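Heads up, the thing below is written out as structure tokens.
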Amino acid sequence: MYERLEEITLAEQESTARFSHTVNVCMAAGCMSSRSDAIKDALTKEVEANGLERWCRVRGVGCMGLCAHGPLVSVDTDQSAETLYQYVTPDDAPAIVGALEGPPVERLHCPTNVPFFQRQKKIVLENSGRIDPERVEEYIAADGYTALIKAITEMSPAEVIDEIIASGLRGRGGGGYPTGLKWTTVAKSEGDTKYVICNADEGDPGAFMDRSVLESDPHRILEGMAIAGYAIGAGQGYIYVRGEYPLAVARLKTAIRQARRVNMLGSGIAGTQFAFHVDIRLGAGAFVCGEETALIASIEGKRGQPRPRPPYPAEYGLWGQPTLINNVETLANVAPIIRNGGDWYASLGTAKSKGTKVFALAGSINNTGLIEVPMGTPLREIIYEIGGGVSGGGQCKAIQTGGPSGGCIPAEFLDTPVDYESLAALGSIMGSGGMIVMDESASMVDVARYFMEFCMTESCGRCVPCRVGTVHMHNLLDKFSHHEAAPRDLVLLEKLCDMVRNTSLCGLGQTAPNPVLSTLRYFRHEYIAAITEEAADLYAITPAPPTSRNGATQHAPAQEVAS
Amino acid sequence: MNGKLKLATVWLDGCSGCHMSFLDIDERLLDVAALADLVYSPLVDAKEFPEMVDIALIEGAVSSEDDYHKIRHVRAHTRILVSLGDCAVTANVPAMRNRFKVEEVLDRAYFENATLNQQIPVEVIPPLRKQSIPVHQVVAVDVFVPGCPPSADIIFYAVTELLAGRTPDLRTRTHFGA
Amino acid sequence: MKRPFKTRVRTLKIDGIDVGAREDETILELAQENGIFIPTLCHLEGVHDIGACRLCLVEIKGTSKLLPACMTYAEEGMEVITDSERLTAYRRQVLDLLFSERNHVCAVCVSNGHCELQWLAEKLGISHVGVPYLYPQLPVDASHSFYTLDHNRCVLCARCVRVCDEIEGAHTWDVTGRGVECRVISDLNQPWGTADSCTRCGKCVQVCPTGALFSKGKAVAEMTKRREFLPYLQQMREGRR
Amino acid sequence: MPLRNEKVDPPSDDKRWRIVQATMQRNGFERDGLIETLHTVQESFGFLDDESLRYVAASLNAPLSQVYGVSTFYHLFSLKPAGQHTCVVCLGTACYIKGMPAMLKQIESRYGIKAGETTPDGQLSLLTARCLGACGLAPVAVFDGSIAGKLEMGEAMSRLQEMTEVDHVREA
């Protein structure tokens, strides 16, 4: 069954063997926005102009991670280690091509013997920046689709699920629900038709892991989905991807076409009975559609409003059928787990959080970009070693993880290992992997207000607590950020947080108070400082209640904020 | 001191209906008078709010600068503050202007709907605040008596309970708009 | 081994009372059968539930999550608590939020005295609203020849949307926008009177819990609603299938 | 079986309707293809007007109010034509931290419009995005489709100036 893959791999190796030098240009959205396509054109022209095309090729690859230093170009040769160039412009093409056989261009050289590159452990991103995402041949030459063939020809669906359970993989979309358990539930659910949905509606502001994986290694997702489909008994998959990611959509479309061509998708995959089709569904700009039931409503062409769970999509999902919904990064881990075994994966990470996690570093940090580290890596190592420390010479004040559903972790907890439980204990969440570093100049009240504004505008409007509660919380935070708050506003804010968290219909509302709660927990003094003397004084004027004739006070004192 | 408690009523932005309803207690006013002196009210002559009253019934929303300063003064000199009626409790009809700018409201009243003497008064009439709001959005309120207006029976019940040193339980006896 | 039979009957406890249930019965239905009051607003017998108002949230032993009684089905051994200090506090807050969201001026409402929102406020003991009012700028649509839609009094329970779609089959109503900007609309967000899909049946008006939808010509406190027809219509329709 | 209105005629001879029709065809003229169809209309015509919504509703046999409800639920759909030029500022967390709010305020006051609005002369539409996913380059804005990263206030203002000025020169 592997013959077809070997054939393609051999052909690929043959066709590249004559190249002693390969110039890789990052063609992910970050570098593309700094015109990396023009750089690629310039480099290609330069190579041809010098008649080097016989032994040097220029190709586009996926994200190399260090987005802050983009556009990035790397040069691979037979003899020496990879050379990385940063801040490249089309005008630099002659210099880079001129230096192919000599020492690197000093002016553009980006050292790779630094923690940013050396401390990472790449599983999800193993191909990112190493293969051309628009060519299935390169994915196959990098062991692509072998896991799928292994699953469908050597393993039973139950064995595939067992492997996932053994790996300890947990949902990377935020919740951290054990993936194997989810697969088991859907596999056991009764239904003739089942679906696999890849949740690529990466909505957290400040997170771009999924986009990068889709742009840099789309076949990995297709392979993961097909394996999932085999394991749970589904023949159809949907990728629900943000409409804001046109490049990712285009690459996915190309990948689906190519995968069909090499018979890794479609009917009778690799000569077996197994059939699996994948279609793309475009999101249209609604954060709430990251929630499973809202996402399903959206695929069905409706307003993306969630419904109460249970029943869970595993039982009652897309068009009422059992449906498996996994996030991009979760699915990206599937192929390596099947290829190398669940035990291999479980050997990485901590006791309860296995494997690696991709983080998008952003904010006041030197090395903004994408990293992948083993679970349990301390925040300090991520921020100060891999991330290169706080930018502008400031001090780290807090780290925001988990986006609008997460919280702010103060600098004193920098030694916390990053895993699901540790972050939850600090009042934040792992989330999808956005990590925003804030220096001393950041106001925590403003950050809370920012996220609340986000939740308020993204609330679908179905349930009362989220629809109206977020507006009130936002208005209160606005008062705090303008230093116009009264003490009772703080009481009311905390009450609303509790209510919205416990009574909202879906995850968006239930977690909307998190940024407020975590900043109240660690930076309460910033809220107190925003209370004006006048406002405090205004509500304080309450004389003691009268004493009845027998001298006992029977009246309850005036309530600060009643009911 | 005659040992009676001091009772006041205050009229902010309301239609005076709650005061009318208060008077509708009729002969039972005598029972109230036996327990308390009405020391300040639109219904009596006193011009100054006393140093300290035990119970103040507030009718109306806080709409003007005058209302605002008055209610703060009253709160500082009152032991139990009662929001009487929907205007005090919810801002009710006065708040219906909140969707418009103050200038628009004044234009409507003094120009568009005036046939004679089209001008916005600046003397005597206190300036309007941006919004009409319930009393408890400005100062702490101890007891709420919703209703438009609350019936005489409810008012009598509330006042006598308070005078007897108890907190009246009005929650299921009256409601907004009652 | 496969179980040779399917459990159809469940026994559970609601507020300490032992209750027998069919597996397709919700906690809300069971509570109502047993004379236990659970406040509801978006629930409407005869159309499907959406669990949006959150008033019917109940506590269930063994889970920290509060679940909507209208959409939670009976399960064996369940212990349900329908009334607690915590639940009452949350329910009051929900009503607080609803009153603050739009311009519900009960005193001058056509439904004064016959309004479910007003009634709930009294029942749950709301003496005042604890959050500031939002005072949105909202229109009144009086273009229809029989009825009026006053957005100021709408609680977005979507009963009108569901009854129009599921019972009348016209789907004149839907909701536009999102979050606090949500509004009920007819057809392409056009004046109701010009919505061709409307059959003028008035079901939406009768099921509206507040004075948001009312018959023309009604003055303050004059609008009473009747909705006995709904379970009947639903039964007749099911019978025909 | 409900009536299948596959033969609803497009509102005009405009060739772009064929693309819209093709999208609906691909989804079997089922209602669940509504969002895909709206995407196509938006891409082809730049926005969704009443005419196109009515056409899509009729073709998919979907209630008008549902089509309207869906098209206003999603941020990417616009019911109004965009200005000649667009500027999309990213309000993701990283951009927020790096000073985008101040920049947005400056742009708003310079052009006298709020985010989401178009200048009265139809020259410029100012839009916001939840996150463009280019956080490594924060703060980020998109000027007429081209992304600009690590943006500074002066640069943003001059890019806008250039964009809107070109047309004025052309007109003169």
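Here are some notes:
- Residue match in segment A:31-53 (condition: touching a residue at least 24 places away in the same chain (Cβ under 8 Å) and within 29 Å of residue A:149 (Cβ to Cβ)): no
- If the condition is being in a loop (DSSP other than H, G, I, E, B) and in contact (Cβ under 8 Å) with a residue 12 or more places away in the chain, then segment C:64-74 contributes C:66, C:72, C:74.
- Looking only at segment C:133-148, and only at residues there that are more than 14 Å from chain B (Cβ to nearest Cβ) and outside any loop (DSSP other than H, G, I, E, B), the one that is farthest from residue A:505 (Cα to Cα): C:147
- Summed over segment D:104-118, residues that are away from every other protein chain (no Cβ under 14 Å), in a loop (DSSP other than H, G, I, E, B) and in contact with a strand residue (DSSP E or B) (Cβ under 8 Å, 6 or more places away or on another chain) total 2.
- Among the criteria (1) farther than 26 Å from residue B:176 by Cα; (2) part of a loop (DSSP other than H, G, I, E, B); (3) within 14 Å of chain C (Cβ to nearest Cβ), the one residue B:121 does not fulfil is (3).
- Sole residue being hydrophobic (A, V, I, L, M, F, W, C), closer than 23 Å to residue A:372 by Cα and under 23 Å from the mean Cα position of the chain (by Cα), chosen from A:140, A:164: A:164
- Selection within segment A:27-56 - surrounded by fewer than 19 Cβ atoms within 10 Å (Cβ to Cβ) and either closer than 16 Å to residue A:247 by Cβ or of a type in the set (D, E, K, R) (or both): A:35, A:37, A:38, A:41, A:45, A:48, A:53, A:54
- From the list C:80, C:47, the lone residue that is over 20 Å from residue C:227 (Cα atoms), hydrophobic (A, V, I, L, M, F, W, C) and either touching a strand residue (DSSP E or B) at 6+ places or on another chain (Cβ under 6 Å) or not assigned by TED's automatic domain parsing to the domain that holds residue C:118 (or both) is C:80.
- Residue list for segment A:466-491, restricted to those being more than 11 Å from chain C (Cβ to nearest Cβ), surrounded by fewer than 24 Cβ atoms within 10 Å (Cβ to Cβ) and aliphatic (A, V, I, L, M): A:486, A:490
- Residues of segment A:47-75 that turn out to be in a strand (DSSP E or B) and either within 20 Å of residue A:87 (Cβ to Cβ) or of a type in the set (Val, Ile, Thr) (or both), as a count: 6
- Test: residue in segment C:102-114 that is within 21 Å of residue A:494 (Cα to Cα) and either without any contact (Cβ under 8 Å) to a residue 40 or more places away in the chain or not in a loop (DSSP other than H, G, I, E, B) (or both): no
- Within segment D:46-89, the set of residues being free of Cβ contacts under 8 Å to residues at least 60 places away in the same chain, among the polar types (S, T, N, Q) and more than 10 Å from every other protein chain (Cβ to nearest Cβ) comprises D:52, D:59, D:61, D:78, D:86.
- Restricting attention to segment C:178-210, the residues being of a type in the set (Gly, Ala, Ser) and under 12 Å from residue C:147 (Cβ atoms) number 4.
- Subset tally (residues that are surrounded by fewer than 19 Cβ atoms within 10 Å (Cβ to Cβ) and within 11 Å of chain D (Cβ to nearest Cβ)) for segment A:367-411: 2
- If the condition is being within 13 Å of chain D (Cβ to nearest Cβ) and assigned to a helix (DSSP H, G or I), then segment A:220-248 contributes A:246, A:247, A:248.
- Filtered residues of segment A:340-390 (kept if more than 17 Å from the chain's Cα centre (by Cα) and in a strand (DSSP E or B)): A:349, A:365, A:378, A:390
- Criterion applied to A:92, A:41, A:37 was being at pLDDT 90 or above, within 23 Å of residue A:210 (Cα to Cα) and in a helix (DSSP H, G or I), and the one residue passing it is A:37.
- Qualifying helices (runs of 4 or more DSSP H) (wholly inside segment B:1-115; at least 2 residues being of a type in the set (Gly, Ala, Ser)): B:17-23, B:29-35
- Restricting segment B:44-66 to residues that are more than 14 Å from chain A (Cβ to nearest Cβ) and surrounded by 21 or more Cβ atoms within 10 Å (Cβ to Cβ), the residue that is nearest to the chain's Cα centre (by Cα) is B:59.
- Looking across segment A:434-455, just one residue is in contact with a His (Cβ under 7 Å, 6 or more places away or on another chain) and not charged (D, E, K, R), and that is A:452.
Listed here are the residues, each with its yes/no results for (1) within 11 Å of another protein chain (Cβ to nearest Cβ); (2) free of Cβ contacts under 8 Å to residues at least 40 places away in the same chain; (3) over 22 Å from residue A:501 (Cβ atoms).
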site	(1), (2), (3)
C:32	no, yes, yes
C:49	yes, yes, yes
C:52	yes, no, no
C:58	no, yes, no
C:62	no, yes, no
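- Test: residue in segment C:122-132 that is facing another protein chain (nearest Cβ under 10 Å), surrounded by fewer than 23 Cβ atoms within 10 Å (Cβ to Cβ) and touching a residue at least 60 places away in the same chain (Cβ under 8 Å): yes
- Qualifying residue in segment C:149-165 (condition: within 10 Å of another protein chain (Cβ to nearest Cβ) and farther than 22 Å from residue C:47 by Cβ): yes
- Test: residue in segment C:170-186 that is within 30 Å of residue A:455 (Cα to Cα), of a type in the set (Asp, Glu) and within 20 Å of the chain's Cα centre (by Cα): yes
- Verdict on residue C:160 being closer than 25 Å to residue A:461 by Cα and not in a loop (DSSP other than H, G, I, E, B): yes
A quick yes/no check of all residues on (1) at the interface with another protein chain (Cβ under 10 Å from one of its Cβ atoms); (2) in contact with a Lys or Arg (Cβ under 6 Å, 6 or more places away or on another chain); (3) farther than 30 Å from residue B:5 by Cβ; (4) at pLDDT 95 or above:
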site	(1), (2), (3), (4)
A:493	no, no, yes, yes
A:500	yes, no, yes, yes
A:519	no, no, yes, yes
A:540	yes, no, no, no
A:546	yes, yes, no, no
A:557	yes, no, no, no
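- Candidate set: segment A:300-312, residues that are of a type outside the set (Gly, Ala, Ser) and buried (at least 24 other Cβ atoms within 10 Å of the Cβ); chosen: the one nearest to the other protein chains (Cβ to nearest Cβ): A:303
- Test: residue in segment A:118-131 that is without any contact (Cβ under 8 Å) to a residue 40 or more places away in the chain and surrounded by fewer than 17 Cβ atoms within 10 Å (Cβ to Cβ): yes
The values are calculated or read from the model by the stated rules, or taken from the named source; none is laboratory data. Values in this document were obtained by computation on a predicted structure and should not be read as measured data. All Cβ positions, even for glycine, are placed from backbone atoms using ideal geometry, and neighbour counts span all protein chains on display.
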